[in-house]
Amino acid sequence: MKNQDVYNIAVNFRKAIIDAKANREFSFQDRMIKFPNGCCDDSCDLLAYYLYETYYIHTKQVNGVYRDKNPYNTTNHAWLVMNEQMIIDITADQFKSLSKCDEGVYVGKENSFYKQLEDIRMYDNYNIMQDTRLWNDYRIIRKYIS
């Protein structure tokens with residue numbers, strides 16, 4: 001599958017989250033009400049399941065720590081990797097250096113932002129069917145995917 005195809009899928013999935021959020025579909029206690037802020041790991045879990053279920057695209061989740069000169073700006077970030085080289089990040093706009101990503105989504109090879117992250121760890125994706133909250137979020141998001 002081409003990068004542009006994966007990008008279009010990721011943008012469509014992100015748009016579905018935003019539409020569900022705008023329609024107040026998520027519980028006020030759900031982290032997805034703050035999307036894209038503070039829910040990159042949940043977003044990865046949800047998108048990874050969708051990519052596999054719908055397109056048979058296998059990904060892994062990667063986590064890293066963002067640090068800059070201001071210690072208050074230290075934060076964790078999560079994104080997906082496909083074929084061990086293509087990054088898929090639907091919460092890229094949380095970071096100033098990635099904020100120019102069209103529609104808040106980054107799909108492509110590792111760039112300078114991802115290279116500066118520390119404590120990188122790669123995981124198999126979480127099975128959202130084992131978590132009631134994530135499974136409910138997924139069912140909500142699916143209603144908005146065109």
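Read-outs throughout are calculated quantities, based only on the coordinates presented, and are distinct from any laboratory measurement. As the structure is a prediction and not an experimental result, all values here were calculated from the model. Every residue, glycine among them, receives a Cβ derived from its backbone with ideal geometry; neighbour counts consider all protein chains shown.
If each DSSP helix of 4+ residues adds -39,500 (n - 2.57) and the sum is divided by the residues in the chain, what number results at 222 nm, nearest 500 deg cm²/dmol? Mind showing how you got there, number by number?
On the way: 4 runs with 52 residues, N = 146.
Estimated from H runs of four or more residues: -11500 deg cm²/dmol.
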Tell me, how many Å apart are the Cα centres for the range 33-106 and for the range 111-146?
8 Å
Kindly rank 74-83, 34-43 from highest to lowest mean number of other beta carbons found within 10 Å of each residue.
34-43, 74-83
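How large is the Kirkwood hydrodynamic radius of the range 13-74, counting all unique pairs of alpha carbons, in Å? List each step's numbers first, then the result.
Values: mean 1/r = 0.0747 Å⁻¹.
Every distinct Cα pair counted, the radius reaches 13.4 Å.
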In sequence order, calculated HN-Hα J values of the range 17-32 (Karplus, 6.51, -1.76, 1.60; Hz; x Gly/Pro)
5, 5, 5, 5, 5, 4, 8, 6, 6, 7, 4, 4, 8, 7, 4, 5
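Find the relative contact order for the range 72-146 and round it to a whole percent, using C-alpha pairs within less than 8 Å whose residues are 6+ positions apart. Intermediate values should be presented prior to the final figure.
On the way: 51 pairs, mean separation 13.6, N = 75.
Once divided by the residue count of the range 72-146, the mean separation gives 18 percent.
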Which entry in [x] 15.1, 48; [y] 15.8, 45; [z] 14.4, 42 matches Rg and Dmax of the Cα atoms in Å derived from the coordinates of this structure?
[z]
Please enumerate, by chain and number, the lysines with C-alpha under 19 Å from the C-alpha of Lys115, excluding those fewer than 8 residues away in the same chain.
Lys60, Lys69, Lys96, Lys100
